[in-house]
Each structure stands twice: as structure tokens, then as C-alpha cells.
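For reference, the structure is listed below as C-alpha cells.
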Amino acid sequence: DVLCTDKTGTITLGKVILEKYIDVFGNEQNDEVLEFAYLNSYYQTGLKSILDEAVLKHVDIHTSLKADKNYRKIDEVTFDFVRRRMSVVVEKEGAGKILICKGAVEEVMNVSSKAKANDKVFKLEKSHMIKVRRIVNKLNNDGFRVIAVAYKETPDEQSVYTTKDESNLILLGFVAFLDPPKDTALEAIAKLRNNGVEAKILTGDSELVTKKICKIVGLPTKGILVGNEIEELSDEELSARVENTTIFAKLLPYHKERIIKALQKNGHIVGFLGDGINDTSALKVSDVGISVDTAVDVAKESSDIILLKKSINLFIPEQ
């Protein structure tokens, strides 16, 4: 009677397009932001996200930058779901080494002490932070997913890097992506409702972006909970809150598991639809774990049902 699902590729197309690359003051088409985002995505060796793929498919930068010829990779600090960011260190011929960090806005801003705009580097003051968050919130409210980009120069003699090196960064700007809702999502949400199934969105994305998408596809939003709020709740408090919450945003993998267990504790039969490594534990604990044939292997192995196409319309009967 409750279906918990990710947003990307389920109620959205999952075909992310890089639309904007802006500096910290919101000035668009900033080439340095785009170049650094591209270098980060190009040189990372971990599982590339759909956002990385969107950056790499940006034809203009791919043609002009020639990353493989003009840069040499030194090291990387891989992504994890707690830091929600990752870094690569590259060296350009004739120049020094640069650590380039890309990730969730707050998590990158938290390790940035300076910013750069109009070719000037300046201390990142509280007033700047307020303006930056206002810019990001406006993008989120317009349905854009936003990733922050920051960097710093590192010593020539350094060759090994850790998460400790992600500090005192220079915030460069943001890349913004659109992932439009599916044409079939409106019908799917209505069919779920007609069959007595309540849909809840469990996502690592921003609550503002998710709320915008839910409005477009006709999913009424009763309430919103974000990951850091869930951290503060006991299991009993969470069980009470999940009943009146539609959007769960900025989640870590174990948050999804807690939400499903809370719903089960309240007597619900819970389905979960997911396809990523971060969905594995939620797929295992749900009453019906649903994945797709394009999912990562560990997600498929954790599922009860594997769809040949990622569409919730496939398993909802007509009323």
C-alpha cells in the first residue's frame, strides 16, 4: 500500500542535460566552471553518475579542452555518500597541480574558505554565503539540480591526497542540470492512487527540486523531511512523521532503510524501486524490492522483481 521510489528515471526521464555553468554571483556561461567540472568528471575512476555523463557529453568543452593531452592526473579522492563530494588532482603542462572538487552544494561550501569571480579570489564571507544560497535555491525552485565546483592549488612535491586535503578550497561556481519529468508520470501517479497505493519519493537530491517535479506530475506533497532532520529523530518519532511525509530528500543510504522500516512498523506493506548501489539496503528490507535490468548488479541481486523497463506504469493494474 506504499511505494517508495527514487525520483530520477522513475518520475523523471533520467536523461540529464547540462544547462548552466555559473559563477558564485550567478553569471552564466562561465568557462572555467565548466572546464573544472569536466576535468573532475573525466579523470575520476569511480562509478560515474548521470550528472558526470551529462558533463562529459557537453560537446563544446570536450572538443576544446582536450583533457587527455593537456592534463596529467596525479591522484583522486573518491566519492562517498557521507561527504557527498569527490576530488581529482591534475597537473597542466607548464603549470602547477590543482585539486578540483565537485559535489553537493552545502558539502562543497563547507570546505571552501574563499571564492572566485571576475578573475578575483576573495574571502568567502557570510554575506556571500547568503547570496550563493539564494542563487542555488532559485535554480532548485526552477527544477534544476545543482552541483558545486571548487579548487585549490597544491604543492608540487605532493603526490598522495586524502579527504583532509578537501579544505580551504576556492568556490568557483555551479553546474546546473535539468531532468524533465516523464510524460507517463502523471498517469502513473494517478493509477497508484486509484489502486490505493501511496507514493513517497526517497532521493538524495534537493527537496526544492523534488517538490517542483512532484507538482508537475500531480503528486500532492503532504510533508517534507530531509536527511539531517531524520538524524535527529528517534525510531518512534520517525514512525510518526513518515505517515504525513511525501518527500524525503538529501538522503544517505541508511536513511532510506530507516524510512522503510518505520513504515513497516506502522503496518504498511512497502515496495521500494531503486537501481543504484545506495539503494541496496532499502531493496533488501522492503517487502517488495523492485529494480530494473539496467541497474547495478548488487541492486538487482537485492531485488524481488526486475523490470525490463524503468517505468512504474508496468506493474500498476488499471482500476
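Within segment 70-124, the set of residues being acidic (Asp, Glu) and either surrounded by fewer than 19 Cβ atoms within 10 Å (Cβ to Cβ) or touching a helix residue (DSSP H, G or I) at 6+ places or on another chain (Cβ under 6 Å) (or both) comprises Asp75, Asp80, Glu91, Glu93, Glu106, Glu107, Asp119. Screening Thr246, Thr203 for residues that are among the β-branched types (Val, Ile, Thr), crowded, with 16+ Cβ neighbours inside 10 Å and under 18 Å from the mean Cα position of the chain (by Cα) leaves exactly one candidate, Thr203.
Among the residues making up segment 147-178, those that are in contact (Cβ under 8 Å) with a residue 60 or more places away in the chain, open to solvent by 40 Å² or more (accessible area, probe 1.4 Å) and over 20 Å from the mean Cα position of the chain (by Cα) are Asp156, Gln158, Ser159, Val160, Thr162. Residues in segment 253-275 that are open to solvent by 30 Å² or more (accessible area, probe 1.4 Å), at pLDDT 95 or above and not charged (D, E, K, R): 5 in all.
Could you tell me whether segment 144-157 includes any residue that is closer than 21 Å to Asp275 by Cβ and touching a Ser or Thr at 6+ places or on another chain (Cβ under 9 Å)? Yes, segment 144-157 contains at least one residue that is closer than 21 Å to Asp275 by Cβ and touching a Ser or Thr at 6+ places or on another chain (Cβ under 9 Å). Only one entry of Thr294, Thr221 meets the criterion of being of a type in the set (Ser, Thr, Tyr) and either assigned to a strand (DSSP E or B) or modelled with pLDDT of 90 or more (or both), and that entry is Thr221. Applying the criterion of being over 24 Å from the mean Cα position of the chain (by Cα) and over 13 Å from Asn313 (Cβ atoms) to the residues of segment 179-196, the residue that is most open to solvent (accessible area, probe 1.4 Å) is Arg193.
Within segment 23-53, being at pLDDT below 90 and open to solvent by less than 70 Å² (accessible area, probe 1.4 Å) holds for Gly46, Lys48, Ser49, Ile50. Is it the case, given these coordinates, that Leu18 is surrounded by 17 or more Cβ atoms within 10 Å (Cβ to Cβ), in a strand (DSSP E or B) and in contact with a strand residue (DSSP E or B) (Cβ under 8 Å, 6 or more places away or on another chain)? When the stated conditions are applied, Leu18 passes them.
The single condition among (1) out of contact with any Ser or Thr (no Cβ under 6 Å at 6 or more places or on another chain); (2) of a type outside the set (Phe, Trp, Tyr); (3) assigned to a helix (DSSP H, G or I) that Asp183 does not satisfy is (3).
The values are calculated or read from the model by the stated rules, or taken from the named source; none is laboratory data. Computed from a prediction, not measured in an experiment: that's the story for all the values here. Because the Cβ atoms are built from the backbone with ideal geometry, glycine has one as well, and the counts that use them run over all protein chains shown. Accessible surface areas use protein heavy atoms only, side chains included; no ligands, DNA or RNA. Shrake-Rupley method; radii C 1.70, N 1.55, O 1.52, S 1.80 Å.
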